[in-house]
1. For LEU143, indicate whether it is away from the ligand (no atom under 16 Å from the Cβ), closer than 18 Å to GLU13 by Cβ and part of a helix (DSSP H, G or I).
2. Tally time: how many residues in segment 157-180 are in contact with a helix residue (DSSP H, G or I) (Cβ under 6 Å, 6 or more places away or on another chain), away from the ligand (no atom under 13 Å from the Cβ) and not in a loop (DSSP other than H, G, I, E, B)?
3. From ILE134, ILE148, grab the single residue that is away from the ligand (no atom under 14 Å from the Cβ) and in contact with a helix residue (DSSP H, G or I) (Cβ under 9 Å, 6 or more places away or on another chain).
4. Within segment 134-169, track down each residue that is open to solvent by 20 Å² or more (accessible area, probe 1.4 Å) and either of a type in the set (Asp, Glu) or in contact with a strand residue (DSSP E or B) (Cβ under 7 Å, 6 or more places away or on another chain) (or both).
5. Quick check, is LEU98 under 21 Å from GLY292 (Cβ atoms), of a type outside the set (Asp, Glu) and out of contact with any Ser or Thr (no Cβ under 9 Å at 6 or more places or on another chain)?
6. Against the conditions (1) under 15 Å from the mean Cα position of the chain (by Cα); (2) surrounded by 15 or more Cβ atoms within 10 Å (Cβ to Cβ); (3) farther than 12 Å from VAL107 by Cα, where does HIS6 fall short? Just the number, please.
7. Restricting the search to segment 31-63, which residues are in contact with a Lys or Arg (Cβ under 8 Å, 6 or more places away or on another chain), over 16 Å from ARG170 (Cβ atoms) and either of a type outside the set (Val, Ile, Thr) or within 16 Å of the ligand (Cβ to nearest atom) (or both)?
8. Using the structure shown, decide if GLY254 is more than 22 Å from the chain's Cα centre (by Cα), more than 28 Å from VAL17 (Cα to Cα) and of a type in the set (Gly, Ala, Ser).
Amino acid sequence: MRKFEHKDLLGMEQLSVEDIELILDTAESLKEISTRDIKKVPTLRGKSVINFFYEPSTRTRTSFEMAAKRLSADTVSLSASGSSMVKGETLVDTARNLQAMNPDLIVLRHSSSGAPHLLARELKAGIINAGDGINEHPTQALLDLYTIREKKGKIKGLKVAIIGDISHSRVARSNIIGLTRMGAEVTVSGPPTMIPVDIETLGVRVVHDPVEAVKKKDVIMLLRMQLERQSKALFPGLREYASFFGLSMDVMKGAKDDVIVMHPGPMNRGVEITSEVADGPYSVILDQVTNGVAVRMAILYLLIGGSKE
Ligand code: CP
């Protein structure tokens, strides 16, 4: 019997291969619920989940809310601008007040790396990291792994290129950990100013030229240009970035015939990806969003769904 022995989900770093497989298998069995006329099961009835988003979000916030509701949990959403943090209350005091209402889980997105880890130490409720600064975005990596496995039938042995602003991307970090742990071969690509100098220690190859980086790849994963996280100009401009590193049909020519193109969103069309690729036959970008609900249902279920078995 497989068990998920975690109070919190803070990062891919904490998950074993067995944990990841259990999450993906559970998501596979829950995905069908979202295709029913009545998209609801009573599994988490009586449980409560607080979505606390200190940064903007479309996909993660909505899909966590949908996932919780489809499992019949009660949900409350709170944004930093709508909370008493604007009056000077600290994150920890805010969280302690939320804990006083006895929720089972708090889903936290925060601009500071390590914020979910701090709350996990302070609170009895489970904490899910919905993206912390430039550190990790584990549920994004898990839905990406799910989508790759769904489309390719496996993860082990696949060749994956991740292209973009690797330094500022929590999605890249979580995916690098998850993909290498599951046996994929990962190549990262982007301007030298956007790739950490010691990135190879994470078990990836660096190929700066994107045409070379995508050659013979099964999966191409694009990253958003994180302009809000770049403290100084790391590239002359968006037009230059698009012409050197943007993924067009032409750049993709050397990839495998059945390559899939992924992007966590939100996309900068015409910067890191052309519309022709984003809306074209290789794109699985909206499948990623669909799978995000199933994967987040699985995570909620495994963390607070009664039996741990
Ligand atoms: N991929 C992702 O985290 O998207 P949102 O910022 O819209 O949640």
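1. no
2. Counting residues in segment 157-180 that are in contact with a helix residue (DSSP H, G or I) (Cβ under 6 Å, 6 or more places away or on another chain), away from the ligand (no atom under 13 Å from the Cβ) and not in a loop (DSSP other than H, G, I, E, B) gives 7.
3. Working: ILE134 fails: away from the ligand (no atom under 14 Å from the Cβ).
Sole residue among the options that is away from the ligand (no atom under 14 Å from the Cβ) and in contact with a helix residue (DSSP H, G or I) (Cβ under 9 Å, 6 or more places away or on another chain): ILE148.
4. Selection gives GLU150, LYS151, LYS159.
5. Judged against the criteria, LEU98 is not a match.
6. Every listed condition holds for HIS6 apart from (1).
7. Those that are in contact with a Lys or Arg (Cβ under 8 Å, 6 or more places away or on another chain), over 16 Å from ARG170 (Cβ atoms) and either of a type outside the set (Val, Ile, Thr) or within 16 Å of the ligand (Cβ to nearest atom) (or both): SER34, LYS39, LYS40, ASN51, PHE52, SER63.
8. Working: more than 22 Å from the chain's Cα centre (by Cα): yes; more than 28 Å from VAL17 (Cα to Cα): yes; of a type in the set (Gly, Ala, Ser): yes.
Yes.
The values are calculated or read from the model by the stated rules, or taken from the named source; none is laboratory data. Everything numeric here is computed off the predicted structure, so don't read it as measured data. Note: ideal-geometry Cβ built from the backbone for every residue, glycine included; neighbour counts use all protein chains shown. Accessible surface areas use protein heavy atoms only, side chains included; no ligands, DNA or RNA. Shrake-Rupley method; radii C 1.70, N 1.55, O 1.52, S 1.80 Å.
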